[in-house]
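A short worksheet on the structure shown next.
The values are calculated or read from the model by the stated rules, or taken from the named source; none is laboratory data. Treat the numbers as computed from the prediction; the structure is a model and nothing was measured. Cβ atoms come from the backbone with ideal geometry, glycine included; neighbour counts cover every protein chain shown. Just the protein is used for accessible areas: all its heavy atoms, side chains included, with ligands, DNA and RNA removed. Shrake-Rupley method; radii C 1.70, N 1.55, O 1.52, S 1.80 Å.
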Amino acid sequence: MRVRMAARLVRGLLVAISATGLAVSAQAQDQGKEKKIKIGVVFDLTGPLAGGGSELGYIGAKIILDHFARTGVEGYKIEAVYADAQSKPDIAINESVRLLEQEKVDMVLGFFSSAQCVPVAARVEQLKKFMWMTTCISSAVFNEKGYKYVFRPQASGDQFGMMTMDFIAQNAKAKFDKEPKDLRVAIIHEDGAYGVDVSRGNEAGAKKAGFNVVMKEGYSATAPDLSALVTKLKRAKPDVIFHTGYNPDITLLLRQAREQGLKFGALMGHGAGYGVYEKLKEGMGADATYIFNTDPISIWLANQKTMDPKLPPVIKMVGEEFDKIRPGVAIRSAHVGIGASNTYVFMNDVLPRAIKKYGGVDPDALRKAALDTDIPEGGTMLGFGVKFYGEGTPMAGQNERSFPVVIQYIDDKSSVVWPKSQAQREAVLPLPKGTTYSNQ
């Protein structure tokens, strides 16, 4: 009896020791398990949008992601998984879903084209996953959608269109010697979500200013011939052309305009292809001089004196890393800084708060952390602040503190010319006599 009892005690003790060992082993494994956030990054690395600015936005975002991959965030390892949208909305959707469902990323980030952002945002919201848009601008992404998991620190397209109209309105009398009502303006745009949205801002701004709109027309960004559009512009005789396009459609339009003898007083571009000076110069040569572009300010032109002192060293780092990748570029595109700055806002502000305040990196933690964002003006590399419109508002998820600026290319340099608070030099208006497109 005593022997049997002793045997049972021994067996029980061994079971207890074994169970304890397994528990300790499991605890050790759990403690040793690496915490990380997987970020799916989607840009156009091939196709027409790549050269139109998407690849540059990707470079800026990647520089920041690589930086945080080295440092980590609040004990979390950063792992970026990249995908090429190939300049096609359907591939952008498929790649986003693949990253979320197969690669098991915790969120998606990036996106250059508004034609992609609109459908991708709807799909990501449907999946109740988190999306952070760095670059696309269409207001249609958010307008009356009521999204909870989609956020964009970037300025919206209607702001671009309104900004350029205001700039010309304020300079009509001084520069063109005309009252706004006597100024002839043409609004042309690629017919995707991006172009349509900016053109609506142009229309609203033209109506506010009282301009004489002599032409408004959309076209396909992939059209092989824009000579008919140029012919209509010649008949309309605009003083100012407001154009929203990518590239190579911008180069095609302006080459055919030169061949057909189109004349005007100023060309106002709105981001995308107009934000890539190297492409403009490559396609137009000296005629790229005096073109205007509207975009969030280049981080290398932003006023660092009014900026958070922690940011200038980051701007310097981004510039140095970009120069290693693209040495000898005359003007660092604003797209690089847009990708870098808007990615930095997420990595430096939103993500740490999600981990510390909301316990991790699941979609709801990231959503709550994004809604808490309250960065004042001067708190980003782009100069503007960040505060998202909240749930229940028409533009929920859009940054209410963002704004673009108007820059002008002169002598292989870009300078901010509007608004006055950010201006670095006075604008050259209208086109100087003797230049290719000048109507003087």
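Here is the figure for segment 392-419: residues that are over 20 Å from Met284 (Cα atoms) and in a strand (DSSP E or B) total 7. Consider Gly390 carefully, then state whether it is free of Cβ contacts under 8 Å to residues at least 40 places away in the same chain and closer than 19 Å to Val105 by Cα. No, not satisfied.
For every residue, the table says whether it meets (1) on the phi > 0 side of the Ramachandran plot; (2) buried (at least 18 other Cβ atoms within 10 Å of the Cβ); (3) assigned to a loop (DSSP other than H, G, I, E, B); (4) over 21 Å from the mean Cα position of the chain (by Cα).
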{"site": "Asp364", "(1), (2), (3), (4)": "no, no, no, yes"}
{"site": "Ala369", "(1), (2), (3), (4)": "no, yes, no, no"}
{"site": "Thr380", "(1), (2), (3), (4)": "no, yes, yes, no"}
{"site": "Gly390", "(1), (2), (3), (4)": "no, no, yes, no"}
{"site": "Ser421", "(1), (2), (3), (4)": "no, no, yes, yes"}
{"site": "Gln424", "(1), (2), (3), (4)": "no, no, yes, yes"}
{"site": "Thr436", "(1), (2), (3), (4)": "no, no, yes, yes"}
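Residue selection: Gly47 satisfies the criterion of being surrounded by fewer than 21 Cβ atoms within 10 Å (Cβ to Cβ) and either more than 19 Å from Arg152 (Cβ to Cβ) or under 17 Å from the mean Cα position of the chain (by Cα) (or both). Of Val118, Val73, Val42, all but one fail to be under 22 Å from Leu382 (Cα atoms), of a type outside the set (Lys, Arg) and touching a residue at least 12 places away in the same chain (Cβ under 8 Å); the exception is Val42. Scanning segment 58-78 for residues that are under 24 Å from Gly360 (Cβ atoms) and surrounded by 15 or more Cβ atoms within 10 Å (Cβ to Cβ) gives Ala61, Ile64, Leu65, His67, Phe68, Ala69, Val73, Tyr76, Ile78. State which residue is nearest to Ser114 (Cα to Cα) when the search covers only segment 35-74 and only residues that are of a type in the set (Lys, Arg) and assigned to a strand (DSSP E or B). Checked segment 35-74; the qualifying residue nearest to Ser114 (Cα to Cα) is Lys38. In this structure, Ala206 does not qualify as among the small types (Gly, Ala, Ser) and open to solvent by 70 Å² or more (accessible area, probe 1.4 Å). Please tell me if Asn212 is at negative phi, in contact with a strand residue (DSSP E or B) (Cβ under 6 Å, 6 or more places away or on another chain) and at pLDDT 95 or above. So Asn212 fits the description; yes. Among the residues making up segment 209-226, those that are exposed (fewer than 14 other Cβ atoms within 10 Å of the Cβ) and farther than 15 Å from Leu183 by Cα are Ser220, Thr222, Pro224, Asp225. Among the strands (runs of 3 or more DSSP E) confined to segment 92-195, there are none with at least 2 residues that are surrounded by fewer than 24 Cβ atoms within 10 Å (Cβ to Cβ) and of a type in the set (S, T, N, Q).
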